[in-house]
Amino acid sequence: MAEDDNIGAEGQVQPMPRIALLGNPNCGKTALFNRLTGARQKVANYAGVTIERKEGGFTSPAGRHFRVLDLPGAYSLSATTPDEAITRDVVAGLRAGEAALDAIVCVVDATNLRLNLRLVLEIKRLGLPMVLALNMVDVASKRGIVIDTDRLAKELGISVVETVAVAGGGEKSLLHALDRMAPFRKVVAQPLSAIDAVPVEETQQEVRRILAAVSNDSGDTGNLSERIDRVVLHPLLGPVILALLMFLVFQAVFSWANAPMDMIMAGVEGLGSLVAAVMPDGMLRSLLIQGILGGVGAVLVFLPQILILFFFILVLEDCGYLPRAAFLLDRMMGGVGLSGRAFIPLLSSFACAIPGIMAARTIQNSRDRLVTIMIAPLMTCSARLPVYALIIAAFIPEQQVAGFFNLQGLVLFVLYFAGIFAAMAVAYVMKRSMGANSHQPLMLELPTYHWPHLRNLAIGLWERVKIFLSRVGTIILTLMVLLWFLSSFPGAPEGATQPPIYYSLAGMLGRALAVIFAPIGFGWEICIALVPGMAAREVAVGALGTVYALSQTGVELESSLQPIIAHSWSLATALSLLAWYVFAPQCLSTLSVVKRETNSWRYPLLMAAYMFALAYAASFVTYRSALYFAGG
Amino acid sequence: MILSSTPVAPALMTLDALAEGRSGTVAGVAPMVLADGVDLARRLMELGFIPGERIRMLKRGMPGGDPLAIKVGNSTFALRRFEAALISIQAV
C-alpha cells in the first residue's frame, strides 16, 4: 500500500476522499464537525434549496487530506422533512451536484443509543463504507452507562470509535479509524427502498437485542434535565423565566456594547482625521471621509450589539433551552393558529429574517409554514438594531425607571414587542382567511441540557462576524460610494442657500419622496437614506451618516451622527421613524428569499404591500399622536 | 388497525390521558396519514414511540392544554394531545 494515498504511483494527486457526518439531531454532530475542521468551513446552501450546507477539510495523522460534509440531522432516512430529504439524497448519491461519498461517519449520542442506533441500522442497509462515532462517551460514563465498544463493533459489523466532540483531542480516535479505512474504493449505495421496506418495529427489535448485549443502559432514568424541566416548563414559572431571559438579552445588548462601540467609533474617527491630515482637500478626500468612512463606519459600530444578540441566541440554542421556549409558547402560538415549532424560525428572525425563513422548512404543514414565512420579517432583525440604537441613543434619555430598568433598554423592548404583537395579529388574520383548522403535529425533541461549549460558541460568532463584515465590505460599501456620488453631483449652483446635497441627484429624489412622507414627519434627508435602506436596513444609518456629513458645511466627521440628528429631528419624527422600521419591508434579500422559498412572486409582493401599509399607518399614528401630546 | 397489541390488555389507554408523573409501555400506534401526505404513525415510531418502549408523562400543559412533554426511552419529546391520542399505552 502506498505511504500516502493522496499521491498515486506516478505522483499524481488522487481526488481527496469525501466523507459525511450523519446523525440524529442533538447528537453533537456539529460540535464534532467543528472539532475536525476548526474555523475552516465553507457555509453555503445546497443547490436550488435554502438548506445550509457546511463543508470543511482536515488532515489525518497519516497526512491524508479529507473533505467532510456536515449533513442536516435526521431521525430517519424515510425523510419527513426537507432537511431529512437532503440527507437521504446525498447519502444515497441521488442529489445532483453532490459527488458520491467515500465513507459515512455515523455520529451517535452514547447516552441515547436506543434512539440513535435505529438510524445507524437504516444506513447500514445502504452498504456504504461507514464508521460509528460513539460521541459524548464522557457524559455517558458520568451517568454510569457502560458500553462495550468492541462488542458493539462486532454486532454492527463496522468499526466503532469513542469521541468527545467538546474536548480537545476528542476526535483523534475517529481520525485513526479513517486512516485505517483508506484507501477508499467507490461503492454504489443500495437503493433507498432497502430502508423503507423494513418496518420501524423490526429495526427497534434489533436495537433492543444489540443494547442488551453491549450496554447496561436500562432506558428511562430520571436525570438532571428532568429536574430542570420541572421548573423551566412549569405552567407559571416557565413563562416568567422566558420573559426574564428575553428581557436580560435586550438589556445586555444596550449596556454591554458601549465600550467596544466607543472604541470602534474612536478608531473610525481617528482614521478620518488621519486621512484629513495627509490628503489635500478635494473630491477623493470627500469620498474617503464622508462617503466611505462616514457611511461604513456608521454601520460597523453596531457589530458589538449584533454579536451580543447572537451570543445569547447561540448560548440558548447550544444549552438546549430553545425547544423549551417553543414548548412554552406552543399554546400561545396555537391561539393564533401557529405551531410552537414556528418559534425557532421566528426567534432566528430576531437575528436575521433570512435564516428564519429558511428554518421554517422544519414546519411540515405548508399553510403553517407559509404564515410563519410571512410574519418572520416582523421579528426585529439585527439589521434594525443600528437604526433603533442610533435613534434611541439620540432621543431617549439614559435614565433608570423603577429603580433598575434602563429606559433605553425598555424602549428597545417595546419595539421588539410591537413587532411580535403585529406578527401574531397578522398570523391570526392570515390563518382565518385561509380557513384552515386542521390539527398540526408538534413532535419536537427536548434535548438533554448541557453547558454551552465555548469553542462552538466562538466558531458560531466568528461566522456572524464574517457575514457582517463581508456585507459591510460589499453591499454596504458599494451603496455608500454610489450614494456619495448621487449626493455630490451635480454641485450646488451659485448663491445656494442650502447645503450642496440639497441640489444633488439624491437631494432631488429625497425632496420628491418627502412629499409622500411629509405626513409621517420624514424630511428629505431621511427620505434619501430610505432609498439605499431598501437594500438592507442598516444601510439607512450609513446613508444618514453620508447625507448629514455632506449637508454640514465644513464639518469634519468627528461630529458623529447622533448629536446631529438629535438637534435636527423632532421627537415626533424620531418616534415615527422607529415605528416605520418596526414594520417596513426594507430588505430586498428577505423578499428574494421569500420568492425562492415559496416559488412564486405572489407572496413576496403581498409581504411588501402589507408591511409598507402597516409601516405607513403606524408611523402616521405615532407621528400625529406625538405631535398632539407634544403640542398639548 | 393497531400495529401491535398485547393479547390481554385491560389497562389500555391513550397516551394523552396519562397523568403527569405516571409511566407506561407503548402498546401500539394508530395509523394516521395527514392531509399533506406525512405518515404520522411511522414518524411517531421513528421518534421512538414503538410498541414495547417505556414512556413517562413528564409535564402536561395547563389543565386541558397542549403540549405534553413525554419521555420515551432516553429522549424527551413534546407532542400535542392530538398526536398523543394516536399512541395507545398500558399504564403501570
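Odds and ends about this structure:
- With θ taken as phi - 60° and the Karplus curve 6.51 cos²θ - 1.76 cosθ + 1.60 applied, the whole-hertz 3J(HN,Hα) list for segment A:260-276 is x, 5, 4, 5, 5, 4, 4, x, 5, 5, x, 4, x, 5, 4, 4, 4 Hz, x standing for glycine and proline.
- When the alpha carbon gyration tensor of chain A is reduced to an equivalent ellipsoid, the three semi-axes, largest first, read 50, 29, 22 Å.
- Database remark: amide H of B:Gly28 closer than 5 angstrom to the amide H of B:Ser88 (H placed geometrically; neighbours at sequence offset of 5 or more, or on other chains; Pro and chain starts carry no H).
- Global form of segment B:14-73, assessed from the alpha-carbon gyration tensor, a/c cut-off 1.5: oblate
- Shown here is the pair-distance distribution of segment A:18-214: with all Cα-Cα distances grouped in 5 Å bins from zero up to the longest one, the shares run 1, 8, 17, 22, 22, 17, 10, 4, 1, 0 percent.
- The Cα atoms of segment A:386-470 give a gyration tensor whose axes a ≥ b ≥ c have a/c of 1.5 or more with a/b no greater than b/c, which makes the shape oblate.
- Sequence-separation-based contact order of chain A, relative, with Cα cut under 8 Å and 6+ spacing, percent: 11 percent
- Ascending count of other beta-carbon atoms within 10 Å, so fewest first, for A:Ile147, A:Ile195, A:Ile467: A:Ile467, A:Ile147, A:Ile195
- Projected label points at A:Phe405 and A:Met508, each 7 Å from Cα along the beta carbon direction, are separated by 4.9 nanometres.
- In chain A, excluding the sites themselves, the longest stretch lacking any of the chymotrypsin sites (Phe, Trp or Tyr not before Pro) that are in a DSSP loop with at most 16 other Cβ atoms within 10 Å is A:1-255.
- Distant-in-sequence amide contacts of A:Ala74, defined by a placed amide H-H separation under 5 Å and a gap of 5 or more residues or a different chain, comprise A:Gly23, A:Asn24.
- Backbone geometry of segment A:335-343 corresponds, through the Karplus equation with coefficients 6.51, -1.76 and 1.60 at θ = phi - 60°, to 3J(HN,Hα) couplings of x, 9, x, 9, 8, x, 4, 5, 4 Hz, x marking Gly and Pro.
- Cβ-based exposure ranking for A:Val371, A:Val531, A:Val429, A:Val401, in which fewest neighbours within 10 Å come first: A:Val401, A:Val429, A:Val531, A:Val371
- Amide H partners (placed H, <5 Å) of A:Glu445, local residues excluded: B:Ala78
- Peptide A:325-335 - average C-beta neighbours from other chains (10 Å radius): 3
- Counts of other chain beta carbons within 10 angstrom of each beta carbon in peptide A:192-199 average 1.
- Taking a sphere under 12 Å around the Cβ of A:Leu328 and counting the other residues whose Cβ falls inside, with K and R at +1 and D and E at -1, yields a net charge of 0.
- Value of relative contact order over segment A:18-214, rounded to a whole percent, pairs C-alpha under 8 Å and six or more apart: 23 percent
- Within chain A, longest stretch clear of exposed GluC sites (Glu not before Pro) (DSSP loop, no more than 16 other Cβ within 10 Å): A:11-397
- Each residue of segment A:480-493 was assigned a 3J(HN,Hα) from its phi angle through the Karplus curve 6.51 cos²θ - 1.76 cosθ + 1.60 (θ = phi - 60°); the sequence is 5, 5, 4, 5, 4, 4, 4, 7, 9, 10, x, x, 5, x Hz, with glycine and proline shown as x.
- Per-residue mean of C-beta atoms belonging to partner chains within 10 Å, peptide B:38-45: 5
- Think of it as helices only: each DSSP H run of n ≥ 4 in chain A is worth -39500 (n - 2.57), and spread over all residues that comes to -18000 deg cm²/dmol at 222 nm.
- Additional length obtainable on full extension of the chain from A:Thr474 to A:Glu398, 0.36 nm per residue less Cα span: 23.9 nm
- Cross-link reach is defined here as a Cα-Cα straight distance under 23 Å, omitting same-chain residues fewer than 8 places apart; for A:Lys42 the lysines meeting it are A:Lys29, A:Lys54, A:Lys172, A:Lys466.
- Take every pair of alpha-carbon atoms less than 8 Å apart whose residues are at least six positions apart; their mean separation over the length of segment A:393-535 yields a relative contact order of 10 percent.
Coordinate-derived values only; no laboratory data. Owing to the predicted nature of the structure, the values given are computational and were not obtained by experimental measurement. Cβ sites come from the backbone with ideal geometry, for glycine too, and all protein chains shown count toward neighbours.
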